[in-house]
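A short worksheet on the structure shown next.
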Ligand code: BES
Ligand code: MN
Ligand code: ZN
């Protein structure tokens, strides 16, 4: 598994004269467009090309629409990458998007080594967003091939008067974590399965002040993790539970993270139809986010204790697979009537949430590509937030906002718990067609100690991009929720 290597990136006070590419902003509307290029780039431009940069841009069809990229010839054989910032004042969100789109455009260019990023970055939050956007947009999943191509390394200079080294360093740590999550999501399921995923988590966290324990099938059986064994029992690649613990001195609070890590979700005996199965290697995006965020939190040295669980299993049909109507015993003893083998994520999460409750944290957050219903409700870019506490929901939405990720709260409702009543076990794992994301959330809540605050992030809507790239978001694995989780931890610091 390839480790993620970031391109070189440094902050510079002013645009260097020698650089292969300059990335600059285009603002305004179609009638009055302004190109915000560094002085060295604009000087002498009209003399050489007989028209202003804006005129040249217009000739080439440039529009200041947010994230739209136009490549314009610059002086001294430079290329000028103009990226739309829209008509509003620059915001962290808009510059992250623009930087991402521009960086992606540069990756495909020939004979480019040095890239100057001259986007609005003269405030700490803007600088952070430009750095994140650049690094996130630069990422591309490399094909598995007999003869890997050696991509020449790029060297980015981000122009900003903000002299705080920490900002760039922190943005780099967070972006790298998000890229690790993306890479894991993109890996094919024959290469990333529970055992290899657990190994990759161990490798990532090596050298970090994080204790990693991996429970294998023997530990899971003897520990009573019936959700994992049921869901993962149909595959010869047996399940794993990865427990990570970061406990810095003088931590102000304790956060437990639980991630759904279904390395492939075929649906099990309730087999999915072909098209819906094709992207189900992404069904471990929650665990990827949780593990990568834990790494970032430890690397940032946040003064918050974090205990994270990656609930890893492969959901396949076979003669050892669990069945609809099986009754399972979840960690801690509660029994569940299995509604549908395709509702597998909640079963491994139930084990993780029950185990995480024993750690007695201040807050538990789980992250999961849990329901198609959340996707029907929210589309493909906004993830769902569930909590039975308004305060916790606000904290999570606030963290998403600071992180520049789009989230929306969805209701739990008493009706959703009713749908889970069972005649043959303590509860059923699902029921009915309507409100499926809320029913799943209610199911999860019943495995968390009532006294512990809890939120559930349903990232089925935003974990995997089947459409086209958009700003910092590429096609395929997105690494969504990593930044929000880091911000949640940050918000719990004293
Ligand atoms: N992994 C899927 C949810 C999913 C769907 C994620 C689309 C990403 C994109 C989950 O395990 C699942 O199959 N959920 C079922 C639940 C149902 C059987 C109660 C669903 O949403 O249909
Ligand atoms: Mn499923
Ligand atoms: Zn699933």
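A straight chain from residue 279 to residue 209 at 0.36 nm per residue would run longer than the Cα-Cα distance by 21.8 nm. What share of the DSSP beta bridges in the chain is antiparallel, in percent to the nearest 5? Close to 40 percent.
With kT/(6 pi eta Rh) evaluated at 10 °C and eta = 1.306 mPa s, and Rh the Kirkwood radius from Cα pairs, segment 226-320 diffuses with a coefficient of 110 µm²/s according to Stokes-Einstein.
Please give the FRET efficiency for residue 409 paired with residue 236, using the beta carbon to beta carbon distance and R0 = 56 Å, rounded to the nearest 0.05. Once the sixth-power term is evaluated, E becomes 0.90. Dividing the radius of gyration of the alpha carbons in segment 143-242 by their Kirkwood radius gives 1.11 for Rg/Rh.
A viscosity of 1.306 mPa s and a temperature of 10 °C, combined with the Kirkwood radius over Cα pairs in Stokes-Einstein, give a translational diffusion coefficient for segment 3-159 of 101 µm²/s.
For the chain, the share of alpha carbon pairs falling in successive 20 Å distance bins from zero is 25, 51, 21, 3, 0 percent. Look at the alpha carbon pairs under 8 Å that are at least 6 residues apart: their mean separation over the length of the chain gives a relative contact order of 15 percent.
A simple spin-label model places pseudo-atoms 7 Å from Cα toward Cβ; at residue 34 and residue 144 they are separated by 5.1 nm. For a modelled paramagnetic label at residue 335, 7 Å from Cα along Cα-to-Cβ, the residues of segment 210-240 in reach, with backbone nitrogen under 20 Å, are 221-231. When peptides 469-479, 341-351, 315-325 are ranked by their average number of other Cβ atoms within 10 Å per residue, the highest-first order is 341-351, 469-479, 315-325. The distance from the alpha carbon centre of segment 190-213 to that of segment 143-176 is 23 Å, rounded to a whole number.
Projecting label points 7 angstrom from Cα along Cα→Cβ for residue 122 and residue 169 puts them 2.6 nm apart.
FRET efficiency for the residue 424 to residue 319 pair, using the beta carbon distance and R₀ = 22 Å, is estimated at 0.45. Could you let me know the centre-to-centre spacing of segment 61-99 and segment 459-494, using Cα atoms, in angstrom? Their Cα centres are 23 Å away from one another. Calculated [222 nm] ellipticity per residue, helices only, for the chain: -10500 deg cm²/dmol; basis is -39500 (n - 2.57) per DSSP H run with n ≥ 4, divided by all residues, nearest 500. With 5 Å bins beginning at zero, the pair-distance distribution over Cα atoms of segment 330-482 amounts to 2, 10, 19, 22, 21, 14, 8, 4, 1, 0 %.
Between segment 406-451 and segment 1-58, how far is it from one alpha carbon centroid to the other, in angstrom? Taking the Cα centre of each part, segment 406-451 and segment 1-58 sit 51 Å apart.
Quick note: the coordinates plus some simple rules give every number you see, no bench work behind them. No experiment lies behind these values; they were computed from the predicted model shown. As a convention, Cβ positions derive from the backbone with ideal geometry for all residues, glycine included, and neighbour counts pool all protein chains shown.
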